[in-house]
Amino acid sequence: TWWLRPLLGRRVVGSMNFRIHDVSPVDAVEAAFFRIQRDQMSDVPILNPALSVEAIDFQHWQGHWLGIVVTPWCMSMLLVPGSSENWVSVGENKRRFIRFPAGDFAFLGSEEVELGEYQSCPLFSPMGKFSTQSEATMTARASMIALLTVPQAQVDKPKADKPADAPSLSRRRFLALR
């Protein structure tokens with residue numbers, strides 16, 4: 001149907017605004033989360049004053065953009081559409097599991113005016129354990145490396161040792177980078 005065709009890189013899927021990002025969405029991510037901080041989070045006591053909004057290491061992954069956003073209230077992995085092919089739209093606050101080399105991770109559907117539809121997986125909240133922006137940025141980069149790397153225990157073990165229905169790496173173990 002003609003009204004679902006992309007118009008200037010945008011289309012409406014269900015009630016969410018789908019936007020293809022041909023280039024890195026870093027600027028859109030930062031604009032969205034700076035606005036959220038200003039409009040929705042300014043009076044929230046969990047904000048870490050040592051931190052600022054920063055989009056980190058966005059890269060192509062399976063035709064889309066994968067990266068991490070650090071904010072004074074949380075650190076989350078984001079998946080942002082890079083094409084209309086193989087994008088799975090889940091709807092606002094609906095969960096989807098995505099398989100990475102490190103295991104399966106739950107992402108929630110979201111939408112922001114600056115960004116359009118995207119999916120996020122929380123890594124840390126609140127952010128009180130980080131004393132500097134540099135520390136949060138290094139943790140985000142280490143998390144991205146860990147996400148995209150097969151855990152050493154899986155590399156060393158023969159496949160027959162792990163039952164097919166065994167759970168993948170837990171988020172807690174992933175964040176501990178074990």
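Here is a yes/no grid of residues against (1) under 16 Å from M127 (Cβ atoms); (2) assigned to a strand (DSSP E or B):
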| residue | (1), (2) |
| --- | --- |
| F33 | yes, no |
| N48 | yes, no |
| I68 | yes, yes |
| W87 | no, no |
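Filter the range 24-78 down to residues that are among the hydroxyl-bearing types (S, T, Y) and in contact (Cβ under 8 Å) with a residue 12 or more places away in the chain and give me whichever is farthest from F130 (Cα to Cα).
S24
Each value in this text was obtained by applying a stated rule to the coordinates, not by laboratory testing. Not measured: the values here are computed from a predicted model. Here Cβ is always computed from backbone atoms with ideal geometry, including for glycine, and neighbour counts include all displayed protein chains.
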